[in-house]
Amino acid sequence: MGSLPRPAVAPSSPSKHNAARALIPVLLLSLPIVALLFHCAYHSYECGHHSVDRFHGLEPAVPFPPIDGLAAHTFLYVASYGGSVTTLKLSRGTNTAAASWGLEPVAYTEGCAGSPSWLTLDATNSVLYCTDEGLTTGSEGSLSSFSTIEDGSLVRLANVRTVFGPVSAAVYGKHGKGLAVAHYGGSALSTWDVEDPSTITAVQTRLFKMAQPGPNPSRQEAPHPHAAIMDPTGQFILVPDLGADLVRIYAVRDGELRLTEREPLFVAPGSGPRHLAFADKGDKTFLYLVTELGNTVVGYEVSYDAESIAFEQVWTSGIHGKGKDVPAGGAASEIIVSPDSNFLILSSRNESSLELSNVDPSDITSDPLINFAIDPKTGHLNLLQEVACGGRGPRQFSMNKAGTLVAVALQDDGRVVVMERNVETGELGGLVAHAEIDGEVTAVIFNE
């Protein structure tokens, strides 16, 4: 079969040819702009549809600068009254523009059973301490030590019986050889030699008594030490006692694990001191105490003289700030100060005053985190914001070293949430990740 004749092609005009050539530079110059528009549109779609380990529709409330220096992933240790300590891996996608986060369990242990209540990390020695409150036995608690492994797993080193009701612990002494434990249910403070964390030995046990109940007899029928906190100098251990309305103070002597009792700090009758935090401003040091029964935050300027520590009250207000009421049933719980000592955050339970909308699978009723700026000269607190913490019962929360993330333990919902934080403004933003945990979550801490 013969080939078909080709159609005649009209010669192109010089003017059209020159116009086509002129368009080439324009098209080349426009390619980066088109690519940029496509990139932005793509990531807008990705952020709007990302649903793994993140509540839908929750974007940061304030602009956040990129989180520099964040490792590819970090671990969170989570304690639960369900009898477990869970390791969660918090990771951020390599595409930082999409701000995608993941939070997934990678290890699990029941070595602190049956009612883990508090976690203390000795990062220097790669050891995690866990207190078992003893709620399953009703007669005694326990203290466990774990070696922290690079893959997130925990290997138990030791377990010892303690006085009933341990709820908080602090490492102290030279090279972290001592551990002080506050016992809420057992009305006691115990200290332990943990130089060898695989062989924990008792140093002291102080049992406290009261001549009569406090102003709130249902909660203050006996002393109830609720925390053990070391001061910024490492010379003193402070123990807020909810039942006795005072902060017990003990001096730490060089080379010794036995604590020496000092005069306590008395607080308002019936206020029920729960937790405290220090703000070290260099030329000044402030102490902030949150009370559970009075729902107040009290500030003190701290001074040191030889082997003594003294406090001058500089602030008091309700936990929501000056002139603001606390909803009926509210119960203050945790208080922390940011790594730069410029901001203070506290949590309140039983308020259910806030709501997160457009979340998956449904709207979430939430208690608040209440955020303050610290005046560096006076120690006064200026209210910054109140934000939904992602659920009910924020019993405890912690901040990473950089101050860019906050992890919240939601006891009532059995959930851990992670929130972004703007280091420069101190403001808390949206929830970036969450994980459900069996049982009532009692504590969550970072291991970076």
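The values are calculated or read from the model by the stated rules, or taken from the named source; none is laboratory data. Predicted model only: the values in this text are computed from it and were never measured. Here Cβ is always computed from backbone atoms with ideal geometry, including for glycine, and neighbour counts include all displayed protein chains. Accessible surface is based on the protein model in full, side chains and every heavy atom, while ligands, DNA and RNA are left aside. Shrake-Rupley method; radii C 1.70, N 1.55, O 1.52, S 1.80 Å.
Per q in 0.16, 0.19, 0.24 Å⁻¹, report the Debye log10 I(q)/I(0) for region 105-216, using one uniform scatterer on each alpha carbon and no solvent. Taken in order of the listed q values, log10 I(q)/I(0) reads -0.69, -0.93, -1.37. Shape analysis of region 241-326 yields a ratio of the Cα radius of gyration to the Kirkwood radius, Rg/Rh, of 1.01.
Enter the Cα centre distance for the pair region 201-224 and region 380-421, rounded to the nearest angstrom. Measuring centre to centre over Cα atoms gives 30 Å.
Relative to its residue count, region 385-448 spans a Cα convex hull of 76 Å³ per residue. Compactness check for region 339-409: Cα Rg over 2.2 N^0.38 Å is 1.22. Treating each Cα of region 291-358 as one equal point scatterer and applying the Debye formula with no solvent, the log10 of I(q)/I(0) at q = 0.12, 0.21, 0.27 Å⁻¹ comes out as -0.43, -1.00, -1.23.
Computed extension gain for ALA328 through ARG253, at 0.36 nm per residue and net of the alpha carbon distance, reaches 22.6 nm. Within region 276-427, the proportion of Cα pairs with more than 22 Å between them is 39 percent. Heavy atoms of the protein chains alone define the surface here; on that basis region 179-333 has 42 Å² accessible area per residue at 1.4 Å probe size.
For region 190-312, the percent of C-alpha pairs falling in each 5 Å distance bin, counted from 0 to the bin holding the largest distance, reads 2, 10, 20, 21, 18, 15, 9, 4, 1.
Find, to one decimal place in angstroms, the Kirkwood hydrodynamic radius of region 176-241, where the mean of 1/r is taken over every pair of different Cα atoms and then inverted. Spell out each step's value before the answer.
On the way: mean 1/r = 0.0764 Å⁻¹.
Result for region 176-241, one decimal place: 13.1 Å.
ALA332 sits among other residues whose Cβ lies under 9 Å from its own Cβ, and their net charge, with Lys and Arg +1 and Asp and Glu -1, is 0. Report the paramagnetic label zone for LEU383: residues of region 299-331 whose backbone N is under 16 Å from a point 7 Å from Cα along the Cα-to-Cβ axis. Output list for this probe position: 316-328, 330-331.
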